[in-house]
Structure formats: structure tokens, C-alpha cells
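Report on the following structure.
The values are calculated or read from the model by the stated rules, or taken from the named source; none is laboratory data. Keep in mind that what you see is a predicted model, and the values were worked out from it rather than measured. Counting neighbours? That spans all protein chains shown, and the Cβs are built from the backbone with ideal geometry, glycine included. Please note that ligands, DNA and RNA were not included when accessible areas were found on the heavy atoms of the full protein model with its side chains. Shrake-Rupley method; radii C 1.70, N 1.55, O 1.52, S 1.80 Å.
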Amino acid sequence: IIEIMQDGDQSLAVALKRTVSNIYVWLRNICAVVLLCLLIYTGIRILITAASPYEQAKWKKALLDWLKALCLLMFMHFIMVGIFYISDLLVDAMSISFNGSSITASIRWAFANTSWTDGTALIVITILYAYVTFLTIVFFISYFKRLVWVVILTVISPVVATSYALGNSQTQIFNKWIKEYI
């Protein structure tokens, strides 16, 4: 990130996006190799347990879980893009409903149209402006924490998809991941 920022023509958001993207692709490729190794192991186990129908059924179920994990690994980025697209649509709809005005603009308008002789109104407007400024800081911190959490969830998503091949208890990890990501 520092090397990109030294060029001067890139913003921090673009540098973060590029870095997360590179880590995601790198980790996805490693997880694809791990899934390939799991496929080979599962195939060998199916061949070894050919005499026991119970064991063979167990490993065929593992093969089906492997296939689900591969599909998740290949389509996980589409799920993430879809979630962001729906989120953007909701934010745009809310922005249109507010007609582009903000609470801060309304407070500034009220302050500009209040005479200096009305001290009570000026005090109330000043308190409101201070409260809105405080909320802006609180939401900035909250959104920054959410940004960090989304970056972490994005980076670990290939590992979550690969863990799906390891059994039923791992599906809870995917369910928790998708809930947090949404």
C-alpha cells in the first residue's frame, strides 16, 4: 500500500481495494489447490473402502460436500458482489427519499435565518449542531470498524468456502460468514 501511495495518483481506497483483491485471489488459488488435494484424498478413500457400504456412503457424501465447496469457492465473489449491489441500491433509494438534503444543511439554514436577538433559538441550534457533529464522529468510527470487518470477511471467504468440504459442522461457519457479510 505504501508503494502505491508514493506514486501520488492513487487514493487510499483504490490501494486498499487492490490489496484486498490481490490477497483474495492469492488465497482463492491456494484454497483451490487444497480442494484438489481433498478430492484426491476422498477418491482414494472411496477406493480403499469399496468393501464397506457404510464407509463408501460416508465418503461419497464427503465427495458431494467437496463439490459444494468447489461451487462456493468459484462463485463466492459473485455472492459478495451481489450483496454490495443490493446495499448500493438501498442506499441510493434512501438518498433519493431525502432529496439530497441533510440534517446539517437544515441546521445551517435555521442558523442563518435566526436573528441574533433570539438567544434561545441560537443556543438550541448550537446544541443540535454539536450533537450532529458528535454523531458524525461516532458513525465514522462505526463505519471504519465495519470496513475493517468486511475486509477481513472478504479475505477469509475462500477459506470459509474450502472448510465447507470438511463436514457438517463447517456449514455453520459458512452460515455465520454469510450472515455477518450481509
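Quick notes on this structure:
- Flag if residue 61 is in contact (Cβ under 8 Å) with a residue 40 or more places away in the chain, under 13 Å from residue 165 (Cβ atoms), open to solvent by 70 Å² or more (accessible area, probe 1.4 Å) and part of a helix (DSSP H, G or I): no
- Being of a type in the set (Ser, Thr, Tyr) and either open to solvent by less than 60 Å² (accessible area, probe 1.4 Å) or touching a residue at least 12 places away in the same chain (Cβ under 8 Å) (or both) is a description that does not apply to residue 131.
- Any hit, segment 149-165, residues being in contact with an Asp or Glu (Cβ under 8 Å, 6 or more places away or on another chain) and touching a residue at least 40 places away in the same chain (Cβ under 8 Å): yes
- Qualifying position, being modelled with pLDDT of 90 or more, β-branched (Val, Ile, Thr) and open to solvent by 90 Å² or more (accessible area, probe 1.4 Å), among 123, 137: 137
- Across segment 84-107, the qualifying residues are those that are open to solvent by 100 Å² or more (accessible area, probe 1.4 Å) and at pLDDT below 80, and the one among them that is farthest from residue 133 (Cα to Cα) is 96.
- Total residues in segment 26-58 satisfying the condition of being assigned to a loop (DSSP other than H, G, I, E, B) and open to solvent by less than 80 Å² (accessible area, probe 1.4 Å): the figure is 3.
- Any hit, segment 26-36, residues being charged (D, E, K, R) and at pLDDT 90 or above: yes
- Of all positions in segment 86-102, at least one carries a residue that is within 37 Å of the chain's Cα centre (by Cα), over 30 Å from residue 181 (Cβ atoms) and of a type outside the set (D, E, K, R).
- Test result for residue 107, more than 30 Å from residue 57 (Cβ to Cβ), aliphatic (A, V, I, L, M) and in contact with a Phe, Trp or Tyr (Cβ under 6 Å, 6 or more places away or on another chain): yes
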